[in-house]
Amino acid sequence: MVATLVRLRLLVLRNSFRRSTSQLVAVIIGGVYALIALVVVLGGLVLLGFAPVEVARTVVVIGGSAAVLGWAVLPLLLSGIEQTLDPARLAVYPIPLRPLMLGMLLSAVVGVAGAATTLASLATSLTWLRLPGVALVALVSGALGAATCIVVSRAVTSVSSGLSGGRRFREASGLLVLIPLILAGPIVIGITRGLRSSSDALPAIADGLSWSPLGAAWAVPSQLALGDPLGALARFLIAAATFAVLWLVWRWGLARSLVTPARGSSRVRAQGKQGWFGILPGTAWGAIAARCLTYWFRDPRYLRQLLVVPLMPLLFWFYGSINQHSSALVLIAAPVVAFSLGIGMIADVSYDSTAFALHVSKAVPGRADRWGRAAALLSFAVPAVVLIAVLAAAVGDAWHILPGLLGLALGILLTGSAVCAVTSARLVFPVPEPGDNPFRSRPGANISLIGPTFVAWGVIAVLCLPEIALFVVALVTGDAIWGWAALAVGVALGGVLVGVGVRIGGGILDARAPELLLQLRKDA
């Protein structure tokens with residue numbers, strides 16, 4: 001049974017290669033990146049073999065502890081990512097619990113992340129090649145460490161399955177993972193500065209981790225190298241006990257998930273409360289705008305794009321404060337946010353999924369569809385961009401460039417909306433399905449987005465050249481008239497482009513709505 005489950009995992013992996021060329025390319029690229037990272041790690045472990053034992057011990061223990069912690073935390077943040085051997089899909093088969101767990105454990109090793117972690121863990125023995133006996137022990141402890149990484153991931157996933165089955169949990173976890181990704185730069189800089197200022201404390205940190213479930217397995221070889229066999233034995237017992245406890249927790253959570261179906265959460269709106277539908281006009285474009293606004297503020301796939309609104313100004317302010325140019329960098333926030341929101345409609349129809357069939361069956365005019373989607377975006381994007389530009393001018397005490405900055409930002413926003421009104425009527429992108437984790441994607445999905453996205457970026461840049469040129473002239477000359485000209489051109493030209501984009505996109509949508517629906521059904 002264990003071999004059957006592993007073969008099933010390999011079969012699914014092989015079929016993912018055959019599904020499309022883009023998926024094969026994506027898997028190959030991911031494998032190349034993993035291979036490069038693995039080579040770097042292996043080289044570092046070999047070089048540690050020439051370092052003092054204390055240094056090697058510190059690096060291996062802290063690195064191994066970080067790996068275990070990462071495998072424990074990521075399942076909480078990426079709970080919506082598809083699993084090949086999902087317990088909910090296997091519950092209908094009479095598979096004994098122990099073979100199922102072994103099969104799931106070995107199938108995880110077959111994956112890219114599991115294989116890289118296992119090879120890196122076993123390669124810790126390279127650090128102790130100068131001591132053959134210690135190197136042999138490092139192989140055993142490395143295997144135990146790799147197994148602990150995978151089992152802690154499975155245990156966390158199985159225990160949290162009751163929560164992750166709810167839509168609200170998936171939405172929240174999907175959004176939470178984006179915040180540290182956006183703030184990765186400041187986080188890395190802060191950690192680096194902290195390590196530099198406390199480098200002398202790293203051996204003590206490693207010693208403390210060596211007695212914890214996170215680092216016990218990784219500290220066994222170094223304790224033998226330091227001539228402390230009792231300490232090595234004690235740490236090995238801690239590591240073995242950690243693995244046993246995690247295995248039991250996983251067994252309990254898996255057994256529960258096999259007999260207890262996940263329950264989704266729902267929310268009933270009180271009678272008489274129509275939300276945006278009661279505010280906007282009762283026309284075709286008004287109904288579409290109301291639906292899109294509901295998506296923008298409730299659908300996590302849209303909400304992740306809104307996170308750039310508050311986070312981007314903070315990010316630019318942080319980098320500016322490091323380089324003593326905080327005011328100059330903060331001014332960039334408004335155009336960047338405007339660009340991010342404007343390009344956010346590029347896959348708007350794709351997010352509708354098969355619900356777009358309602359548009360086709362009701363013969364919604366393409367122009368009404370385009371106006372509704374653009375109006376929904378601009379209704380909150382314009383105030384947000386204006387507010388960020390005003391705050392940036394206040395922080396930088398640069399009120400004289402505010403008109404030009406507003407012209408540039410609003411021009412980019414309106415132009416992006418115009419371009420996306422055309423692209424979203426012609427192109428369908430593989431996106432997460434409604435209710436899924438916003439980071440869930442099939443292999444190759446990101447590859448198929450690269451070409452059209454870069455083309456759209458280039459078109460937006462070309463169409464925004466007038467306001468960009470006027471803004472640059474205003475900055476160079478310091479003459480306010482050029483800033484006001486940039487504002488007038490940005491708003492006027494952007495408004496005209498929105499009208500043209502809606503007209504062209506609406507015509508495309510009228511001509512190929514059934515074909516678009518067919519593509520959406522294929523990608524569903």
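Figures for the structure shown
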{"item": "Answer from ARG373, ARG291, ARG301 - the residue that is modelled with pLDDT under 80, basic (Lys, Arg), within 26 Å of the chain's Cα centre (by Cα) and assigned to a helix (DSSP H, G or I)", "result": "ARG301"}
{"item": "Selection count, the range 102-138, where residues are among the basic types (Lys, Arg) and assigned to a helix (DSSP H, G or I)", "result": "0"}
{"item": "Filtered residues of the range 335-370 (kept if under 27 Å from the mean Cα position of the chain (by Cα) and over 29 Å from LEU314 (Cβ atoms))", "result": "VAL349, SER350, ASP352, SER353, THR354, ALA355, PHE356"}
{"item": "Among the residues listed as LEU131, LEU144, LEU106, LEU119, the single one being surrounded by fewer than 21 Cβ atoms within 10 Å (Cβ to Cβ), under 21 Å from VAL39 (Cα atoms) and not small (Gly, Ala, Ser)", "result": "LEU119"}
{"item": "Residues of the range 309-354 satisfying the condition of being open to solvent by 20 Å² or more (accessible area, probe 1.4 Å), at pLDDT 80 or above and either of a type in the set (Ser, Thr, Tyr) or farther than 19 Å from ALA384 by Cβ (or both)", "result": "SER340"}
{"item": "ALA485 being touching a helix residue (DSSP H, G or I) at 6+ places or on another chain (Cβ under 9 Å), modelled with pLDDT of 90 or more and aliphatic (A, V, I, L, M)", "result": "yes"}
{"item": "Long-range neighbours under 6 Å by Cβ, at least six apart or interchain, first residue under 17 Å from PHE50 (Cα atoms) within the range 222-235, second of a type in the set (Phe, Trp, Tyr)", "result": "none"}
{"item": "All helices (runs of 4 or more DSSP H) inside the range 325-368 with 3 or more residues being closer than 22 Å to VAL419 by Cα and in contact with a helix residue (DSSP H, G or I) (Cβ under 8 Å, 6 or more places away or on another chain)", "result": "333-342, 348-352"}
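The values are calculated or read from the model by the stated rules, or taken from the named source; none is laboratory data. Since this is a predicted model, take the numbers as computed values, not measurements. When we count neighbours, we look across all protein chains shown, and the Cβ atoms used for this are built from the backbone with ideal geometry, even at glycine. Only protein heavy atoms, including side chains, enter the accessible area calculation; ligands, DNA and RNA are left aside. Shrake-Rupley method; radii C 1.70, N 1.55, O 1.52, S 1.80 Å.
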